[in-house]
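Let me begin by presenting the structure, written as structure tokens, before commenting on it.
What follows is calculated from the coordinates using simple rules that are stated; it is not laboratory data. Values in this document were obtained by computation on a predicted structure and should not be read as measured data. Note that we place each Cβ from the backbone using ideal geometry, even for glycine, and neighbour counts take in every protein chain shown.
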Amino acid sequence: MTSNEKVDIGNRLLLRAALFVGGAYLLYLLQDVVIVVLFAVLTAAVLVPAINKLQEWGLSRTVSVILAYTVLFFGGVALVGVCIPVLFTEIKEFLNHWPKYTEQLEVLLSGLDTYAQTIGFSFDKQTLFHNFEGSLSEWLGSFFSTTLDFFQGFIHVIGFFFLALYLSLEEKGIEKFFLMLTPEEYHAHARSLALRMQGKVSQWLFGQVLLMIIAFIIYYIGLLIIGVPYALAIAFFGGLMEIIPYIGPVLAAVPAILIGLLYSPGLGLAALIFYLIAHQVEAHVIAPQVMKRSANLNPVALIIAILIGIELGGLFGVILAVPITMVLSVFVEDIFEKRRG
């Protein structure tokens, strides 16, 4: 290889690296649009099995898509119309009672401080309490700010809906979407990758949504039985946390245990025992059945992906972390298959 050829190869590598960095930076700047597109692709992907099944029953694709999206839309309306008002009522009631809870929390921390001193350990309960209160206020502020931003992004919702609808109406819409992003000479390979990615993501997303619903029902019934206040809000939060692998179920238990402790140590202990049992049932009975067709991803890779998602996209980043990791895993598997071949 001549020196000119080496220089030419080096220049091409530098150009590709520059294009990659520039493209990544552009995607970061347009992250709101990227999130809308990704959610549209995910929605279209998860509805593919239902639409295909309706077509097998003799319905046209247009009718199948309209029926699938109608069910999805009215399901969302039912959720908003029935659950959300009660959810916000419970949150409002919690905030109204917060001064009383702070007093109970101080009493609880005083008791812990007294017990800790008897075993030769001490902590500054005032500092701990104020740090907790500050963190809670910051989280609530962030939550309502995110909610407000979400409703302000009405145009994004409209864009999401029409893009998802287009991808579903178009025969092999997701496959064609990926082909549009690749040069023509790579279409055969891109088509194979698109089908594998769609299969993995749609199976995972369908199973994950089902798992979230089951977890919500279990949490809600269990919290009602043991008498933890704000059962709907806590169960709703717990269902949402199921989207986060490994960490989510732990986070789901925190509000119930803390609020239970504010009422009585016995109620807090009952909440802890309930969540321990619920998590064991979910991990060993429910999840293996619901998620049996989903690809198993490396736990370390998932946790790293979730941390990156939080940093780059906040709540939406966490939601998208797992499906994006699954898509990347298809590329990695493809690279290793080529090397073995």
remark   = Here the gain from full extension of ASP334 to ILE303, 0.36 nm per residue of separation minus their alpha-carbon distance, amounts to 8.9 nm
inquiry  = Quick check on segment 157-215: what are the equivalent-ellipsoid semi-axes from the Cα gyration tensor, as sqrt(5λ), descending, whole Å?
reply    = 25, 17, 8
key: Within-15-Å neighbourhood charge of ALA253 [Cβ basis; K, R +1; D, E -1]   = -2
request  = Would you mind computing, in nm to one decimal, how far apart the modelled labels at ILE277 and ILE217 are, each placed 7 Å from Cα along Cα→Cβ?
outcome  = 1.8
key: Loop-resident sites, segment 165-197, for GluC sites (Glu not before Pro), counting at most 16 other Cβ within 10 Å (DSSP)   = GLU170, GLU171
task = Within segment 176-285, report the chymotrypsin sites (Phe, Trp or Tyr not before Pro) that DSSP leaves as loop and that have at most 16 other Cβ atoms within 10 Å.
result = TYR246
task = Write down the radius of gyration of segment 185-341 and its Dmax, each obtained from C-alpha positions, in Å.
result = 18.6, 67
note = Between the modelled labels at THR182 and LYS92 (7 Å from Cα along Cα→Cβ) the distance in nm is 5.2
request  = Once you have the Cα-Cα distance between VAL209 and LYS100, take 0.36 nm times their residue separation minus that, and quote the gain in nm to one decimal.
outcome  = 35.6 nm
ask   = What net charge do the residues around LEU181 carry, taking every other residue with its C-beta under 13 Å from that of LEU181, with Lys and Arg at +1 and Asp and Glu at -1?
value = 0
ask   = Whole number please: convex hull volume per residue of the Cα set in segment 48-88, in Å³?
value = 61
